[in-house]
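Report on the following structure.
The values are calculated or read from the model by the stated rules, or taken from the named source; none is laboratory data. Here the structure is a predicted model, which means the values were calculated and not measured. Ligands, DNA and RNA are stripped out before the accessible areas are found, and what is left, the full protein with its side chains, is counted by its heavy atoms. Shrake-Rupley method; radii C 1.70, N 1.55, O 1.52, S 1.80 Å.
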Amino acid sequence: MTEPERREFRVGDEGVNPYKLLTAVVVPRPIAWVSTVGPDGVGNLAPHSFYSVACADPPIVCFTSVGNKDTLRNVLATGEFVVNVASADLLGAVNDSSAPYDAEVDEAGDLGLELAPSTSVAPPRLAQSPASIECTLHSTHELGNSVLVLGDVRLVSVHTSALDGDHPTMEALKPLSRLGRDEWGHPPEVFRLTRPRTPDETGTHEPR
């Protein structure tokens, strides 16, 4: 097979914007809708699309603050945050909470979103979000113009209506994703595919 023609974008060349390229190629990206409280008691709610699980045991999640945003300042000051699932039912609010609010404004209150007390940390969780992850700060790492934030997971809460036994369902979570430019992703189509347990099993499983 002959490789299709490619165009190369070399980092550092004039006109090359790595950020726009990466956000268009590293897709889909889950959204960490992070709620925090500042030392002055003012809440903050903001979406961050550089987000993932960083460690399985102990459980650690991570998100990146591009620039010194209110979320980062609050996490550094208090050592706590909550990641709320950005559900499709809340798309408008997720997008609106990305607006450049003043630090003195609580986005959740301004947008009419209901908050609920968390169990293990001070920042509240978002009541409408089907699942929330309560975290304490593990560490931060400065990387150029961004800061990687790692959080020790202390508690996960899920709406009972979003559970099949003890397993959260994609049908209920309806997770949004971020793509490139102003593009978003709807909740994905879900299929199941068994992983091969040995090399002999490769090519034997079909999506279902």
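Remarks
- Accessible surface, the chain, averaged per residue in Å² (probe 1.4 Å): 63
- For the chain, calculated [θ]222 nm from helices alone, where every DSSP H run of n ≥ 4 adds -39500 (n - 2.57): -3500 deg cm²/dmol
- Cα gyration tensor, the stretch 153-206 - rounded (a/c under 1.5), prolate or oblate: oblate
- Based on the convex hull around the alpha carbon atoms, the stretch 113-174 presents an average projected area of 5.7 nm².
- Heavy-atom accessible surface of the chain: percent carbon and sulfur, 1.4 Å: 52
- Computed 3J(HN,Hα) for the stretch 36-47, one whole-Hz value per residue from the Karplus formula 6.51 cos²θ - 1.76 cosθ + 1.60 where θ = phi - 60°, is 9, 9, x, x, 8, x, 7, x, 9, 9, 8, x, glycine and proline marked x.
- Inverse of mean 1/r across different Cα pairs in the stretch 58-97, Kirkwood, Å: 12.1
- The spacing between the stretch 1-24 and the stretch 34-67, judged by their C-alpha centroids, is 29 Å.
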